[in-house]
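Encoded as structure tokens, the structure appears first; notes follow it.
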Ligand code: SAH
């Protein structure tokens with residue numbers, strides 16, 4: 001058997017490291033996912049049954065239908081402003097936005113007609129897939145969140161923030177260092193290496209970390225959350241972020257590579273050919289959103305949110321006019337989305353809105 005071909009990004013990374021020295025993990029992740037020619041998202045559509053991973057909207061239409069209900073109820077609470085910007089960050093194949101708009105046309109036709117769609121996407125391959133999914137709708141594409149035109153905003157982001165680069169810090173005998181990626185010439189492969197010790201004091205939670213301990217932050221995620229918070233403070237709107245992650249900052253290396261459905265691939269083995277993700281720190285996101293000026297709620301578990309939005313009732317309604325095979329598919333999809341031992345608890349949802357708006361559906365305080 002032939003040895004697998006070298007990923008085209010690898011010689012470019014080697015050259016960069018030869019010129020600059022070891023590169024921070026955040027730079028590695030940004031290049032592996034978003035390099036303009038050889039990045040993972042730049043070159044392929046990773047979704048679906050034969051792809052690297054399956055996301056909630058690809059599992060079941062029920063996910064988008066529930067999120068449409070969320071959008072319609074929040075729009076109602078906003079006193080139905082029109083025109084409305086209905087936006088999504090990292091829309092993948094466009095399935096979620098297609099399901100949301102199809103549902104809104106039925107449950108809130110005035111909203112569907114008065115909304116312009118805004119898709120924030122960097123990948124040309126996935127933009128084409130989104131254009132096909134949203135064919136005939138009033139949609140515009142943007143490279144960045146701040147390109148969405150002014151006006152009342154409803155924003156959704158599913159499995160987007162986990163694709164933003166994380167910066168990692170490593171506890172060494174010499175103190176905390178930035179974790180970097182280097183070329184190990186003897187082994188002929190990329191390897192993690194600690195950079196120079198960081199100046200300054202570390203937060204008290206880290207002072208006692210053992211040697212070898214890793215701590216992650218995502219400056220890209222918190223900067224974007226801050227921008228979203230500022231926009232929600234300046235104009236009416238709300239945002240719903242769904243992703244896998246943790247409720248509070250915790251130490252640990254969560255950088256993972258997903259390839260061909262396997263979640264345990266080596267993150268350095270195939271840059272540009274494996275998906276790289278890191279857990280979302282929801283506490284940091286909420287903090288950045290509120291520092292920007294928005295009110296925030298949650299996170300709540302995905303299963304709780306979808307249940308509050310009526311996924312079971314919607315399933316029953318659809319099952320009433322479906323074939324046995326369709327019913328089986330709808331039921332197994334719903335189970336996967338809300339299962340307490342699966343996506344239902346691993347995935348969390350965080351909401352943010354213009355201060356003064358009521359708690360969004362699914363995020364009401366317990367009575
Ligand atoms: N929301 C989709 C896809 C999630 S995968 C779903 O649930 O199926 C992550 C998506 O974010 C992809 O569409 C990817 O191309 C896009 N993406 C990754 N980094 C991005 C960035 N910095 N700016 C905009 N889009 C980005």
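No lab work stands behind these numbers, since they all come straight from the coordinates. Here the structure is a predicted model, which is why all the values come from computation and not from measurement. Glycine gets a Cβ as well: all are built from the backbone with ideal geometry, and neighbour counts include every protein chain shown.
For 52, 76, what ranking results if the residue with the fewest other Cβ atoms within 10 Å of its Cβ goes first?
Neighbour counts put them in this order, fewest first: 76, 52.
Under a plain spin-label model, where a point goes 7 Å from the Cα along Cα-to-Cβ, how far apart in nm are residue 187 and residue 173?
Between residue 187 and residue 173, the label points sit 1.9 nm apart.
Across the range 32-102, how large is the tail of the calculated P(r) beyond 16 Å, expressed as a percent of all Cα pairs?
59 percent
Okay, helix-only estimate at 222 nm for the chain: each DSSP H run of n ≥ 4 adds -39500 (n - 2.57), divide by all residues, round to 500 deg cm²/dmol; what do you get?
Counting only the DSSP helices, I get -11000 deg cm²/dmol.
What nm distance separates the two modelled labels at residue 335 and residue 146, each placed 7 Å from Cα along Cα→Cβ?
Rounded to a tenth, the inter-label distance reads 4.8 nm.
Given the range 285-325, report the % of alpha carbon pairs whose separation exceeds 16 Å.
Numbers: 474 of 820 pairs.
In whole percent, the long-distance tail amounts to 58.
Taking the number of other C-beta atoms within 10 Å as the exposure measure, put 41, 244, 28 in order starting with the fewest.
244, 41, 28
Based on the inverse mean of 1/r over its pairs of different Cα atoms, what is the Kirkwood hydrodynamic radius of the chain, in Å?
Every distinct Cα pair counted, the radius reaches 21.6 Å.
Name the residues of the range 58-91 whose amide N is less than 12 Å from a point 7 angstrom out from the Cα of residue 308 along the C-beta direction?
Only 70 fall inside the zone, counting backbone N under 12 Å.
Sorting 227, 6, 341 on the 10 Å Cβ count, fewest up front, what's the list?
The order, fewest Cβ neighbours first, is 341, 6, 227.
DSSP beta bridges in the chain, what fraction antiparallel, as a percent rounded to 5?
That works out to approximately 60 percent antiparallel.
Hull surface divided by four, with the convex hull built on the Cα atoms of the range 196-266: how many nm²? Before the final figure, lay out each step's value.
Details: hull surface 32.1 nm².
Averaged projected hull area, Cα only: 8.0 nm².
I need the per residue convex hull volume for the range 233-367, using only the alpha carbons, in cubic angstrom as a whole number.
In the range 233-367, the Cα convex hull volume per residue is 173 Å³.
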